[in-house]
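Have a look at the structure below before the remarks.
Computed from the coordinates by the stated procedures, all read-outs in this text should not be read as laboratory data. Keep in mind that this is a model prediction, so the values were computed, not measured. Because the Cβ atoms are built from the backbone with ideal geometry, glycine has one as well, and the counts that use them run over all protein chains shown.
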Amino acid sequence: MNQHSTINLVTDYARLQQEALEWQVMLWSGEVTADQQHAFEVWLSRSDAHQQAWSEIEVMQQKLQLVPQATIGLVREKLPSAKRRRLLQILGLAAVTGGTVPVVRQSNTWQALAADYRTHTGQQEKIRLADGSQLIMNTSTAVDIVYSAHERKLVLHEGEIYINTAPDTTQSRPLLVQTRHGTATALGTAFNVRLKQHETRVSVYDGAVRLRSDNGLHSLTIASGMQAGLLADALTKATRNSSESAWLDGRLVAEQLRLGDFLDELSRYRMGVIRYDQTVANMLVSGVFPLMDSDRVLQSLLQALPLRIHYFSKYWVTVHAA
C-alpha cells in the first residue's frame with residue numbers, strides 16, 4: 001500500500017469516526033426521535049466500516065478518556081434542551097478535531113486503530129506468529145507484534161488474547177505481553193491476557209508467567225491454574241482460574257453473576273448497544289451461554305428471570321424488569 005492510499009484510508013476513517021461521534025452526542029442528549037433513530041440505523045448498516053467506527057466511539061466514550069463525567073452530568077442536569085445538545089456536541093467533537101488531535105493520536109484509542117492486528121466486535125481470529133507461537137484474538141482486540149533480536153513482544157492495546165508460546169530455538173528470546181498496566185513474561189506457557197479499564201487480568205494454563213507492574217516495583221510469578229491482576233503500581237493476589245478461557249470454546253459462563261455485569265460482558269460480542277435498568281442490574285444469572293448468538297442468550301434470560309426485553313432495532317436493546 002502506497003503512502004497516498006494510506007492517507008486516504010486514515011482520512012476516510014477519521015470522517016466516519018467524526019460521524020459516529022456526532023451520533024453518540026445525539027444519543028447522549030436523551031432526545032432521540034423515531035426518525036432520528038431510523039436515520040442512525042441506516043447509517044450504521046451501510047458498511048462494516050461504519051459499524052466499526054461506531055464501536056470504537058462507543059468504547060472511547062464508555063471509558064471517558066476525552067470528556068469528564070462530571071462535566072457531562074452538569075450539562076445534562078442544569079442546561080435547557082437546546083443549549084444542552086449544543087454543548088454536548090462541542091464537548092464531543094473537540095475530542096477529534098482541531099488542536100486536540102495530537103492528544104487523540106497519542107491515546108490508547110488511536111494506538112488501537114493503528115495496531116498490526118485487529119478484530120471487530122464479535123470476531124475472533126487465530127494467528128501463527130513468526131516463531132511458531134499461536135495467538136488467538138478475542139472480540140474487539142488490537143495487538144502490535146514487536147519482535148527484535150532481544151525479545152518477542154506483543155503490545156495489547158485493547159481486548160483479550162490467548163497465547164500458546166513456542167520456544168525460541170535460535171536466540172532464546174523471552175516472549176512477553178505488554179499493556180498499559182505492565183508486562184507478562186511467558187516461562188514456557190499458555191496463558192490468557194485480558195485488558196480491562198483498571199487492570200490487566202492474566203490467567204495461566206500451562207507453565208508459568210512472571211508479572212511486573214508498570215512502575216517496575218512489583219513482580220509475581222504465577223503457575224498453571226492460577227490468575228492475577230496487573231495494575232500500573234501494584235499486583236493483585238493470585239487466585240484459582242475459573243472460566244476466563246471459556247470464550248475459546250464460544251461460551252459465556254456465569255456463576256451467580258450480576259445481571260448488569262453479565263449484560264456488559266455479552267455486549268462485548270454484540271454490535272450496537274445493550275442497555276438495562278438499574279432495577280435489574282443486581283439480579284443473579286447462572287448458566288452456560290453461546291457467545292456468538294446474543295439474541296438467543298437474551299431470550300433465554302426471559303425464561304429464567306422476571307424481565308422484559310425491548311428491541312428498538314437489532315442494534316438497540318433495552319432490558320427492563322417485568
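Here are the numbers:
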| read-out | value |
| --- | --- |
| Cα-centre dipole for the range 120-252 with unit charges at Cβ (Lys and Arg positive, Asp and Glu negative), debye to 20 | 180 |
| Extension reserve of the Ala232-Leu284 stretch, reckoned as 0.36 nm per residue once the Cα distance is removed | 15.6 nm |
| Cα centroid separation, the range 294-321 to the range 133-197 (Å) | 36 |
| The range 123-254: C-alpha gyration tensor shape, a/c 1.5 cut-off, then a/b vs b/c | rounded |
| Trypsin sites (Lys or Arg not before Pro) within the range 214-295: DSSP coil, no more than 12 neighbouring Cβ in 10 Å | Lys237 |
| Environment charge at Asn192 (Cβ cut-off 12 Å; Lys +1, Arg +1, Asp -1, Glu -1) | -1 |
| Gained length - Lys196 relative to Ser242, 0.36 nm times residue gap less alpha-carbon distance | 14.8 nm |
